[in-house]
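Below: one structure, written as structure tokens.
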Amino acid sequence: MGAGLAAVLAYIVNRRILPGHQLLAFLALAPVVIPGVVLAVALFVAYTRPPLVLYGSIWILFVAYLTKEMPVGYAQSDATFKGVHPELEEAGRVLGAGRLRVLGEITAPLARSGVIATWCFVFIGVIRELSASIILFTPNTKVISVVIFDLKEEGQFGAIAVLGLFMLAMTFAAVVVMQTLLGRDFIGAKE
């Protein structure tokens, strides 16, 4: 979801689809200057009282991760869409295709590997996030990074090593699966 949102924002900003697109770019990059702990405290204060009570659910962690990793995802997607020249889309529209058809048949295939890279960057950042998680978790929403932190406090380094290797294997496997199923061919380009 984070990679998709970053890709949509980068596309809107690069193609100047909406007035105020510079503000969208600023907002997408702004969280990079907010420390994770400060972000977590702000989310805690914002979402522990009505109208939207998210604390105690997995959704507050989702909002924190999405906010914290948006600058990385946006920067990667921005670079991707800068590499897809707008004249390719204009040529499709000149030939009679609408914006959505051009997006689906021209832009999306050209941007696919960049969006997959965006997903990988966001996934890796989220899987290792601790600063916001440590403040926003509850016993029902404990994530691996918080479990590792708790085990460190208890001095259980064997369990930490096992969880660390599991996280490493999970991250590596997720990236390989994404690139193999959706991304570039590891064997080489077909002629």
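Taken together, the values in this text are just the output of simple stated rules run on the coordinates, not laboratory data. Everything numeric in this text was worked out from a predicted model, so none of it was measured. Note that each Cβ is placed from the backbone with ideal geometry, even for glycine, and that neighbours are counted across all protein chains shown.
Nearest 10 degrees, 0 to 90: what angle lies between the long axis of helix 2-15 and the longest principal axis of the chain (Cα atoms)? Helix 2-15 sits at roughly 40 degrees to that axis. Between Ala132, Ala46, Ala117, the residue with the greatest mean-square fluctuation in the GNM of the chain (Cα pairs under 10 Å linked by springs) is Ala46.
In the frame of its principal axes, the chain has Cα extents of 65, 46, 24 Å, reported largest first.
The residue among Trp119, Ala30, Pro51 whose Cα reaches farthest toward the positive pole of the charge dipole of segment 2-181, with charges on the beta-carbon of Lys, Arg, Asp and Glu, is Pro51.
What angle do you read, to the nearest 10 degrees and between 0 and 90, between the alpha-carbon axis of helix 36-46 and the longest principal axis of the chain? It is inclined by approximately 90 degrees. Rounded to the nearest 10 degrees, the angle from helix 108-127 to the longest Cα principal axis of the chain is 10 degrees. Identify which of Arg99, Arg15, Arg128 has the largest mean-square fluctuation in a Gaussian network model of the chain, with springs joining Cα atoms closer than 10 Å. It is Arg99. Quick check: net charge around Ser77, other residues with Cβ under 14 Å of its Cβ, Lys/Arg +1 and Asp/Glu -1? Cβ neighbours under 14 Å give a net charge of +1. Between the residues Ala42, Pro71, Leu100, the greatest Cα displacement towards the positive end of the dipole of the chain, with unit charges on the Cβ of Lys, Arg, Asp and Glu, is found for Leu100.
Rounded to the nearest 20 Debye, what is the dipole magnitude of the chain about its Cα centre when Lys and Arg each give +1 and Asp and Glu each give -1 at the C-beta? It would help to have the intermediate numbers written out before the result.
Details: 14 positive and 12 negative charges, 70 e Å.
Charge dipole of the chain: 340 debye, to the nearest 20.
Of Leu43, Leu18, Leu27, which is the most mobile in a GNM of the chain whose springs link Cα atoms less than 10 angstrom apart? Answer for the Gaussian network model of the chain: Leu18.
Of Ser131, Ala91, Ala174, whose Cα points farthest to the positive end of the dipole of the chain (charges on the beta-carbon: +1 Lys, Arg; -1 Asp, Glu; origin at the Cα centre)? Towards the positive end, the residue furthest out is Ala91.
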